[in-house]
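Taking it in order: structure first as structure tokens, then the write-up.
No lab work stands behind these numbers, since they all come straight from the coordinates. Everything quoted here is computed from the prediction, not taken from an experiment. Glycine also receives a Cβ, built like all others from the backbone with ideal geometry; neighbour counts cover every protein chain displayed.
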Amino acid sequence: MNDPILNNLQERLFNFSVAVIKSARKFPKGKEYEVISRQILKSSTSSGANYDEAQSAVSRADFSNKATIALKEMRESNYWIRLIIATTEKNQEWIKLKQESFELMNILGSICAKTSQRVFH
């Protein structure tokens, strides 16, 4: 994907969601992985969707709120990825996704810190 309308972060969040979806398709069978699959799919796709929504925010406060939700969802994604790594055979795909989720958390955290200062001060 290389859409000129999307900024680099939007593209990274989208690609992260796609990679999680493709990796989750390879989970072992079992009830626990049905639950984990549902949770990681919800949080990883929600992060990108909320950041996309932030791009059309009606105010700084609205942008800050949606960016904060995107950060919270990425933190949750990171949790599920760490759980996946801890409970499955070590898989390079999930290890790369863990690193990407960490980087995305840092970027979103920086955006949230900067926008919340503007909103509240």
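Listed values, structure above:
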read-out	value
Histogram of C-alpha separations across the stretch 20-114, 10 Å bin width, %	17, 46, 25, 11, 1
Rounded FRET efficiency, nearest 0.05, which uses the C-beta distance separating Gln55 from Lys96 and R0 of 30 Å	0.70
Relative contact order (%) - the stretch 18-113, alpha-carbon pairs under 8 angstrom, separation at least six	28 percent
Label-point separation in nm, Ile85 to Gln39, each point 7 Å along Cα→Cβ	1.6 nm
Measure of compaction for the stretch 1-66 (Cα Rg per 2.2 N^0.38 Å)	1.34
Cross-link pairs beyond the 18 Å C-alpha cut-off, checked among Lys42/Lys98; Lys31/Lys90; Lys22/Lys98; Lys42/Lys66	Lys31/Lys90
